[in-house]
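Notes for the one structure printed next.
The values are calculated or read from the model by the stated rules, or taken from the named source; none is laboratory data. These numbers were taken from a predicted model, which means no experiment stands behind them. For neighbour counting, all protein chains shown are included, and Cβ atoms are generated from backbone atoms with ideal geometry for every residue, glycine included.
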């Protein structure tokens, strides 16, 4: 059931007609007109870098009309977060969406999770339509990523990242008539060896600041059981002031270059490149 936040304006004849507001939300969220206006205000005030906590909204769908917001970060990819993404995709409003998911797999049916023990597979319980992320260049799903803290006043911070190596997804997961797909090959012992080394991790040891903004992050990358130092360069960092009862939000992108052969991943070299660029996207709330 949908509820439209409507204003009432007089006509020339003295009657009244409803004037639709630009934001439409489900009735579960729009319990009052004030709540509808709060959601719209938050989207507009945050500006070009928008953060929505879809899991906390209680919504099943959301249609937005916020011309000031073009970059969207969705925290969480549960049922609510996925429905939000589907609505954004359907609206085709020109958003660049980044999805931060702390779990190793995208949205699945938690309500019927016990059916996994009666024979249903993880694919059966998935709430994500096949190709939903792979077919959309403007939607980036990040699994197993977490920013733990950034303290601008103390000029300190930390990043603790864990990636499920079996989650590698190049868009080629269907082997067809081939012995295996490209994604299956990447998960094999030739590359990520996901069976023996299910996690790739990065833990920071220090963060350098220029003024209020972090510029470089020193840390250790562990891949295929090998740990080596890796410095990341912070290419983008931005903080948005607190809105209402919310907290100040800061986030950005950091990149670093490594040679996969240093970690024992040598298959295909030199026909396949040895140098790899690691991109980490992070976001944190001020305490």
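Is it the case that region 50-61 has a residue that's touching a helix residue (DSSP H, G or I) at 6+ places or on another chain (Cβ under 9 Å), modelled with pLDDT of 70 or more and in a loop (DSSP other than H, G, I, E, B)? No: region 50-61 contains no residue that is touching a helix residue (DSSP H, G or I) at 6+ places or on another chain (Cβ under 9 Å), modelled with pLDDT of 70 or more and in a loop (DSSP other than H, G, I, E, B). When 204, 167, 210 are checked against the criterion of being at pLDDT below 90 and either within 25 Å of residue 283 (Cα to Cα) or surrounded by 18 or more Cβ atoms within 10 Å (Cβ to Cβ) (or both), 210 stands alone in meeting it.
Condition first: assigned to a helix (DSSP H, G or I) and at pLDDT below 80. Now tell me which residues in region 87-128 satisfy that. Reasoning before the result, please.
We begin by selecting, within region 87-128, every residue assigned to a helix (DSSP H, G or I); these are 87-91, 113-118, 122-125.
Once the filter is applied, which keeps residues that are assigned to a helix (DSSP H, G or I) and at pLDDT below 80, region 87-128 yields 91, 113, 116, 122.
Test residue 168 against the stated conditions and say whether it is within 24 Å of the chain's Cα centre (by Cα) and over 22 Å from residue 274 (Cα atoms). Steps first, please.
Details: within 24 Å of the chain's Cα centre (by Cα): yes; over 22 Å from residue 274 (Cα atoms): no.
For residue 168, the condition - within 24 Å of the chain's Cα centre (by Cα) and over 22 Å from residue 274 (Cα atoms) - is not met.
Among residues of region 239-260 being at pLDDT 90 or above, under 23 Å from the mean Cα position of the chain (by Cα) and loosely packed, with under 15 Cβ neighbours inside 10 Å, the one that is farthest from residue 74 (Cα to Cα) is 257.
Table: residues versus (1) assigned by TED's automatic domain parsing to the domain that holds residue 159; (2) assigned to a strand (DSSP E or B); (3) free of Cβ contacts under 8 Å to residues at least 40 places away in the same chain.
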site: 196; (1), (2), (3): yes, no, yes
site: 202; (1), (2), (3): yes, yes, no
site: 220; (1), (2), (3): yes, yes, yes
site: 251; (1), (2), (3): yes, yes, no
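Assuming residue 267 fulfils every condition listed in (1) more than 30 Å from residue 182 (Cβ to Cβ); (2) assigned to a loop (DSSP other than H, G, I, E, B); (3) touching a residue at least 60 places away in the same chain (Cβ under 8 Å) apart from one, which condition is it? Condition (1) is where residue 267 drops out.
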